[in-house]
Amino acid sequence: MGQFDGQVVFVTGAARGQGRSHAVRLAEEGADVIAVDVCRQLETVPYAMATPDDLAETERQVKALGRRIVTREVDVRDLAALKDAVDAGVAELGRLDIVIANAGISVPAPTLEMSEETWSTIIDVNLTGVWKTVTAAVPHIVAGGRGGSVVITSSLAALKANANTAHYSAAKAGLVGFMRVLAVELAPQKIRVNTIHPTTVATDMILNDATYELFRPDLEKATRADFEEAALTLNALPVPALESSDITNAVLYLVGESGRYVTGTTHVVDAGGQL
């Protein structure tokens, strides 16, 4: 018996990384899954983004656990497509209980030098995309009348400043205010809303040349080893980056019975990065 038997979770950015980890782990605990990802390259993003094959692998892993899954290639900036995906998933799977608004991108750039497109794309995906995700999905939780949970992936960048991340930090900090208002509005329906704030996590969004150079601007061509050397200095615990499973463990706490009275909080998983 899993702790989420009979429940359905909606995960954005589910093709790989943290999103896949969340979807698969919840499936292990009995949940069926609605999973979306953009599965194409956005022009301003300096690293390879998820592909249709990545989303298919998430589907394969969930089905291998004996759970049902509905997948769609959806850009979280497209509200109509999000609604279609969630509506189709609920029609097939029967209900919705949990929303994990995980999709996000990173495009490091100096504040006064970044292009308008770079700023707008980060805000549109990382902040407005979460509002669109919630708008498309949460009415199904409300309609179920059973309560539920929303977890929004923010970042340590919402709480601690680093150069070349003004747009990213602004979006991730904006999610905190958004979460708190939503927690107040949804509390009467027994729907809990929290943000989760990871430090660096070893996913494709982090393990790329753009991030290496962000962490090591002193080097002409930074490597992963150079990045890890710098990242070690940011965390109080001796680890350069967390694993997706570390964030998934925190998500399970928030969406499960263990977090039944936890709402409106900023749940930090940062290896002591704020200390």
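Where a number appears in this text, it was derived from the coordinates with a stated rule and is not lab data. Because the structure is predicted, anything quoted here is derived from the model rather than measured. Ideal geometry is used to build each Cβ from the backbone, glycine not excepted, and the neighbour counts take in all protein chains shown.
A few notes on this one:
- Local charge for ARG77 was computed over the other residues whose Cβ lies under 15 Å away, with Lys and Arg +1 and Asp and Glu -1, and equals -4.
- Beta bridges assigned by DSSP with both partners in the chain are antiparallel in approximately 0 percent of cases.
- Helix 166-186 axis, angle to the chain major axis (alpha carbon atoms, nearest 10°): 20
- With Cα atoms, 0 to 90° folded angle of helix 244-255 axis to the chain main axis: 40
- Local electrostatic count at LYS221 - Lys and Arg +1, Asp and Glu -1, tallied over other residues with Cβ under 10 Å: -3
- J(HN,Hα) series, region 62-71, from Karplus relation 6.51 cos²θ - 1.76 cosθ + 1.60, nearest Hz, glycine and proline x: 5, 5, 5, 8, x, 9, 8, 8, 10, 10
- Subset of LYS63/LYS160; LYS83/LYS190; LYS160/LYS221; LYS172/LYS221; LYS83/LYS221 violating a 32 Å alpha-carbon distance limit: LYS63/LYS160; LYS83/LYS221
- Applying Stokes-Einstein at 37 °C and 0.692 mPa s to the Kirkwood radius of region 1-99, computed over alpha-carbon pairs, gives a translational diffusion coefficient of 246 µm² s⁻¹.
- Helix 17-28 vs. the chain, principal-axis angle (Cα, 0 to 90°, nearest 10): 30
- Estimated D of the chain in µm² per second, where Rh is the Kirkwood radius over Cα pairs and Stokes-Einstein applies at 4 °C, 1.567 mPa s: 69
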